[in-house]
Amino acid sequence: MVKTTPFYPRLAALSETMLWKHWSGYAAAQNYQFSTLFEYFAIRSGVAVFDTSPLFKYRIQGPDAESFLAGVLARDIRSCPPGQAQYTIWCDSDGYMLEDGVVLRLSDDEFLLTAAEPNLLYFSNLIGRRRVEISDISKEYGILAVQGPHSRTVLAQLTKTAADLPYFHVTQTKVAKKSVILSRTGYTGDLGYELWIKADDALAVWDALMAAGTGYNIMPMGLWALKMARIEAGLLLLDVDFASAKHAWVDGQRETPLELGFDWMFRKLGGEERPFIGRTAIENEIKNKTSRWKTVGLMLDWQHYDQTYENLGLIPPKDTTPIEEAHSLYDAERNYLGYATSLMYSSLLKRHIAIGKVPPHLSTPGSEAYIELMIVHRPQYVRANVVRLPFYDPPHKKR
Amino acid sequence: MSEKYDAIVIGGGHNGLVNGAYLARAGLKTVVLEKRHLVGGAAITEELKPGFKFTTFSYALSLLRPDIIQELELVKHGLMVLPMPNNFTPAENGDYLFLGADSQQNYHEIARHSAKDAEAYKDYWHDIKQVVQAVKPLVDSIPPDITSSEPEELARLASVGAHLGRQNPKVLHLLTRLLTGSAADLLDDYFETDVIKAAFCSSGLIGTKVGPRSQGSGLVLLFHKLGYFDGSIGDWGFHKGGNGGFTQAVARAAQAFGCEIRLNAGVSEVITKNGEAIGVALQNGDELYGDTIISALDPRRTFLQLVEPRDLPTDLVETIEKFKFQGVSSKVNFALDGLPEYPTLPGRTDIFRGFMNIGPTVDYIERAFDDAKYGWYSKRPYIDCAIQSTIDPDMSPPGKHIMSCFVQYTPYKLKGGDWDTERENLGDTVQATLTEFFPNFSDLVLHREVVTPLDIERTVGLSEGNIFAGEFMGPQMYFFRPAPGWNQYRTPIKGYYQCGSGTHPGGCVMGAPGKLAATQIWGI
């Protein structure tokens with residue numbers, strides 16, 4: 001049997017569609033309702049809950065935990081004081097991206113890290129003589145992401161600390177008399193929180209959350225709604241927008257943090273003496289300008305898109321389900337430029353959007369690329385323009 | 001006091017705002033004048049009871065042209081259209097038809113009533129969509145002037161003919177049936193089950209003095225399928241914060257393009273000089289001057305009230321005098337203490353996340369129309385309900401709800417009565433009808449707002465309370481909206497234009513008249 005998360009008994013009862021995907025061996029709902037857009041718009045206009053428990057979770061603890069993480073993570077963890085959280089990445093020694101995740105710093109010497117893939121062995125092998133312990137706590141906790149403009153109002157009914165927890169901060173508190181770790185984080189680009197809940201307390205906290213959210217139409221959301229939101233937020237997804245360098249066969253499959261748009265993590269690199277895995281390669285890439293790609297937002301030309309379909313006698317489809325397979329990008333003369341992932345029609349933005357990889361000299365906003373679409377069994381080329389990521393960044397996200 | 005504008009738009013309804021936004025975008029110094037304290041016309045949201053947002057008049061979105069969303073950058077200014085794919089039609093025996101976003105589930109739901117109907121459902125939509133695609137270019141362009149023998153107009157007419165000539169004859173035939181026939185006849189060709197026909201024929205009567213069996217209801221049905229939700233033809237959505245949220249977004253877009261919006265600025269007349277419009281006089285006595293004056297008001301007010309009829313050709317005055325308004329729709333909006341319960345679906349709330357049709361059989365709806373034919377409002381009205389707070393939690397306080405009920409038939413002119421006397425009786429009739437289907441309904445009512453055709457006319461200005469600024473009927477559409485020879489947004493008075501829903505293509509929150517008028521004025 002496929003594994004289930006601690007919230008499954010409640011989630012299964014709420015699933016109209018019974019569409020479950022296997023995510024790291026766990027049943028994870030694609031959607032709950034027949035209209036995925038109800039779930040999606042709960043993120044943008046109400047409050048939605050996502051069960052993100054299948055993520056791998058690690059506790060990294062000990063007097064040398066900070067210096068250890070400063071050396072294995074590419075982003076400087078020393079800039080994340082206790083009580084704060086940080087989105088981070090880790091690379092191989094050639095400066096290629098391995099994975100990303102979020103670190104919660106609970107105290108000077110205790111960190112929690114989420115990852116999409118197993119990383120216990122990888123991190124443990126790097127401890128060396130440092131006084132650090134890494135434990136896999138994946139099964140100890142369930143995680144709920146409570147996301148949307150009403151998430152604060154709903155959570156504040158359960159714990160007052162939610163009311164003024166700043167963006168990317170973390171605290172330990174109680175919900176329904178159960179100890180939880182509450183962080184102001186998420187994968188939607190909206191106002192949102194994540195709750196780490198002991199597996200045994202999962203249903204009690206779930207019930208309290210649903211009761212608090214009833215008046216705000218709280219609802220669970222599945223993977224599709226989450227993915228729609230994360231594309232608009234310009235947040236990358238492993239195995240869709242990039243591959244881990246670890247088990248790639250050729251460098252063509254690998255990408256560097258700079259190519260993926262994480263150059264902002266390295267702006268202060270010159271002023272710090274922090275050795276970390278991949279540093280030399282990243283410095284060389286910056287110095288020699290050897291990035292092959294730039295990750296950009298692509299917005300398809302709505303008129304050209306509609307005309308392309310209408311000229312073929314079709315009604316232009318506006319499918320809000322993200323397409324995870326890549327599409328090729330060309331210039332106006334049909335020379336290959338790069339590729340696009342995560343193509344979808346954004347119901348919010350009323351445009352087709354995608355995450356593009358284009359040569360750096362064609363990455364300035366406004367640059368043009370043509371995306372190849374198969375329409376009635378033939379390739380067609382629809383104009384798109386480079387835009388800055390994220391596509392959607394509401395002021396209430398950080399407020 | 002006098003100021004000079006390039007363009008002065010009279011009326012801050014959605015078409016006036018769209019028109020003003022396009023003109024300002026083209027670089028014209030533009031002002032939109034709104035008589036009320038808020039823009040939006042019949043697309044407004046009002047907080048009549050603290051925390052409860054009432055969509056006083058129009059209450060959903062579909063026909064809004066997608067190009068306007070893009071060209072006016074409405075998303076940037078706050079456009080957010082929430083989906084409402086569900087559709088619930090109670091039957092009279094406790095049964096129901098409940099359709100949603102999943103076509104396979106819809107098959108089974110219809111098949112519960114008739115397997116043949118379930119199969120026909122797909123055929124029906126495929127056929128309707130083909131007709132919509134065929135007429136779309138005509139909807140979204142300035143129609144030809146058939147009274148003109150100018151080469152440009154003859155060419156325009158020829159291109160319409162050529163476009164229709166390229167269509168599949170089957171599609172043209174269905175188009176003709178829709179334009180001339182009844183909704184009930186059309187639905188009889190596809191379906192055998194009454195509740196299904198009743199659910200689908202409602203689009204054929206919204207806002208119009210026709211019953212499902214009246215010739216002409218097919219046209220109304222087609223018109224209501226001309227819209228989209230995310231490219232899906234005929235689907236509807238609900239704007240965050242109600243349709244007032246939508247018009248506020250358009251107003252912000254207009255202002256971002258440099259358009260000025262003046263509130264509490266009712267216009268008493270258009271000032272003309274030597275047969276040319278040169279400005280407007282406001283009700284407060286101020287005068288504004290401009291090169292182009294555009295009326296977003298309905299044809300009666302545009303031609304018979306804002307200007308002197310004596311300055312217009314007699315034929316036009318006669319046509320406008322005869323232009324049918326005859327509003328038949330009311331709104332009854334409720335603040336509710338909780339959600340109603342349908343006896344055979346206890347505890348189910350998904351049935352409210354979309355439209356709810358109170359019109360269980362075609363006979364029921366036709367009988368509701370019968371009352372109106374003889375001058376009274378329906379004893380058991382057809383009601384199109386939406387509990388928008390189930391889609392947008394910001395419409396009501398937590399745990400409470402807001403319900404918008406569109407009611408037919410309620411003729412503007414009552415025989416032997418008047419709306420000031422009958423207003424609350426209508427509210428009682430609607431409440432009683434809803435209680436027939438949802439027994440706990442009356443217990444939930446915290447507040448009620450009744451908006452009769454007379455109230456629509458008084459508040460918004462729409463003549464006789466017609467929600468489309470003029471009936472949808474063959475002789476009042478396309479070549480003839482609002483009058484032959486004056487269907488291209490011009491008027492006989494130089495510099496005086498029209499851009500309201502009384503022009504092509506017509507009413508609903510569509511924006512097309514406002515945009516096409518701007519195209520005519522400035523070649524945008």
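Numerical summary
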| read-out | value |
| --- | --- |
| Any hit, segment B:30-48, residues being modelled with pLDDT under 95 and either touching a Ser or Thr at 6+ places or on another chain (Cβ under 9 Å) or surrounded by fewer than 21 Cβ atoms within 10 Å (Cβ to Cβ) (or both) | yes |
| Residue pairs meeting the criteria (Cβ under 8 Å; at least 6 apart or on separate chains; first within 19 Å of A:Glu39 (Cβ to Cβ), in segment A:134-156; second surrounded by 24 or more Cβ atoms within 10 Å (Cβ to Cβ) and among the basic types (Lys, Arg)) | A:Gly148/A:Arg44; A:Pro149/A:Arg44 |
| Members of segment B:227-257 found to be within 30 Å of B:Lys413 (Cα to Cα) and outside any helix (DSSP H, G or I), listed by number | B:Gly242 |
| The listed residue being modelled with pLDDT under 95 and within 14 Å of another protein chain (Cβ to nearest Cβ), out of B:Pro85, B:Pro66 | B:Pro85 |
| Candidate set from segment A:219-277 (those that are crowded, with 18+ Cβ neighbours inside 10 Å and among the aromatic types (Phe, Trp, Tyr)); member that is farthest from the chain's Cα centre (by Cα) | A:Phe276 |
| Filtered residue count, segment B:228-270, keeping only those that are surrounded by fewer than 18 Cβ atoms within 10 Å (Cβ to Cβ) and of a type in the set (A, V, I, L, M) | 2 |
| Residue within segment B:187-204 that is farther than 22 Å from B:Glu92 by Cβ, touching a residue at least 12 places away in the same chain (Cβ under 8 Å), away from every other protein chain (no Cβ under 14 Å) and not hydroxyl-bearing (Ser, Thr, Tyr) present | no |
| Helices (runs of 4 or more DSSP H) lying entirely in segment A:33-125 (those with 2 or more residues that are among the polar types (S, T, N, Q) and under 30 Å from B:Asp394 (Cβ atoms)) | A:36-45 |
| Members of segment B:365-377 that are surrounded by fewer than 19 Cβ atoms within 10 Å (Cβ to Cβ) and either modelled with pLDDT under 95 or in a helix (DSSP H, G or I) (or both) | B:Arg367, B:Asp370, B:Asp371, B:Lys373 |
| Yes/no for A:Ile353 being within 14 Å of another protein chain (Cβ to nearest Cβ) and closer than 21 Å to A:Glu259 by Cβ | yes |
| Test for B:Lys170: is it modelled with pLDDT of 95 or more, within 20 Å of the chain's Cα centre (by Cα) and basic (Lys, Arg) | no |
| Residues (away from chain A (no Cβ under 14 Å) and in a strand (DSSP E or B)) located in segment B:396-417 | B:Met403, B:Ser404, B:Cys405, B:Phe406, B:Val407, B:Gln408 |
| Search result, residues across segment A:282-338 that are among the aromatic types (Phe, Trp, Tyr) and in a strand (DSSP E or B) | A:Tyr330, A:Tyr336 |
| Only listed residue being surrounded by 23 or more Cβ atoms within 10 Å (Cβ to Cβ) and within 20 Å of A:Pro81 (Cα to Cα), chosen from A:Leu182, A:Leu155, A:Leu165 | A:Leu182 |
| Hits in segment B:432-448 - residues which are surrounded by 18 or more Cβ atoms within 10 Å (Cβ to Cβ) and either touching a Cys at 6+ places or on another chain (Cβ under 6 Å) or in a helix (DSSP H, G or I) (or both) | B:Thr433, B:Leu434, B:Phe437, B:Phe441, B:Leu444 |
| Segment A:341-387: number of residues that are out of contact with any strand residue (DSSP E or B) (no Cβ under 7 Å at 6 or more places or on another chain), assigned to a strand (DSSP E or B) and under 30 Å from B:His239 (Cβ atoms) | 0 |
| Matching residues, segment A:337-356, being closer than 13 Å to A:Val296 by Cα, touching a His at 6+ places or on another chain (Cβ under 7 Å) and among the hydroxyl-bearing types (Ser, Thr, Tyr) | A:Tyr339 |
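Conditions tested, residue by residue: (1) assigned to a helix (DSSP H, G or I); (2) within 14 Å of chain B (Cβ to nearest Cβ).
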site	(1), (2)
A:Ile181	no, no
A:Leu203	yes, no
A:Ala208	yes, no
A:Gly215	yes, yes
A:Met228	yes, yes
A:Ile231	yes, no
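The values are calculated or read from the model by the stated rules, or taken from the named source; none is laboratory data. Note that the structure is predicted; figures quoted are calculated from it, not measured. With ideal geometry, Cβ positions are generated from the backbone for all residues, glycine too; neighbour counts draw on all protein chains shown.
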